[in-house]
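Enquirer: Before I ask anything, let me first share the structure, which is written out below as structure tokens.
Values quoted throughout were computed directly from the atomic coordinates according to the rules given, and no laboratory measurement underlies them. Here the structure is a predicted model, which means the values were calculated and not measured. With ideal geometry, Cβ positions are generated from the backbone for all residues, glycine too; neighbour counts draw on all protein chains shown.
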Amino acid sequence: MQFSENSRVWVYQSDRKLTDSEVQQMQSQLSDFATGWTAHNNQLKATAAIKYNRFLILIVDENQAGASGCSIDKSVRFMTQIGEQYNINLLDRFNLAYRDGEEVLSAPRAAFEDLIKQGRINNDTIVFNNLVQNLAELQNKWEVPFKDSWHVQLFGSLSH
């Protein structure tokens, strides 16, 4: 299925790395949700993916039908249920993800700040911008160096 680069995107980040078996189970649940997802009884052209055993991503191509407030509420309820089922928090916007070599890690805001102070996170550290709005941004602006991210506004630019 082809999706427009303007397709809307929602990124939900787990507060821990998911096991491979959890990813398999969740991918099945996400696919079922995407297949049955509707807005005002119109089938949405939707898909779902899990990246790096940590990010659950919903994509809706609104060229077919637009996601409404009700349909977005359905997706948030679904993600809340997934979180409860797997004992993960998918709704904490201040659990920040970053790359440490090939590994994707996350930390609550205070711990993230400590990692900056320790120099373990620097201007070139890849961070994840889960605020991306569409497929083009997901492909080009989701994984970015700290210095090019919104994190700079939160933590200030780094001198080291």
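Enquirer: Output the number of residues of segment 80-101 satisfying the condition of being aliphatic (A, V, I, L, M), under 26 Å from residue 144 (Cα atoms) and crowded, with 18+ Cβ neighbours inside 10 Å.
Expert: Selection size over segment 80-101: 4.
Enquirer: Here's another thing I want to ask about it. Among (1) in contact with a helix residue (DSSP H, G or I) (Cβ under 6 Å, 6 or more places away or on another chain); (2) over 14 Å from residue 9 (Cα atoms), which single condition is residue 145 missing?
Expert: Answer for residue 145: the failing condition is (1).
Enquirer: Of all residues in segment 2-21 being over 14 Å from the mean Cα position of the chain (by Cα) and part of a loop (DSSP other than H, G, I, E, B), which is surrounded by the fewest Cβ atoms within 10 Å (Cβ to Cβ)?
Expert: The residue in question is 2.
Enquirer: Given the criterion under 15 Å from residue 52 (Cα atoms) and under 19 Å from the mean Cα position of the chain (by Cα), identify the matching residue among 127, 132.
Expert: Residue meeting the stated conditions: 127.
Enquirer: Identify the residue in segment 22-71 that is in contact (Cβ under 8 Å) with a residue 24 or more places away in the chain and among the β-branched types (Val, Ile, Thr) and, among all such residues, is surrounded by the most Cβ atoms within 10 Å (Cβ to Cβ).
Expert: 60
Enquirer: Sticking with this one: Could you please find all residues in segment 31-48 being in a loop (DSSP other than H, G, I, E, B) and out of contact with any strand residue (DSSP E or B) (no Cβ under 8 Å at 6 or more places or on another chain)?
Expert: Passing the criteria: 40, 41.
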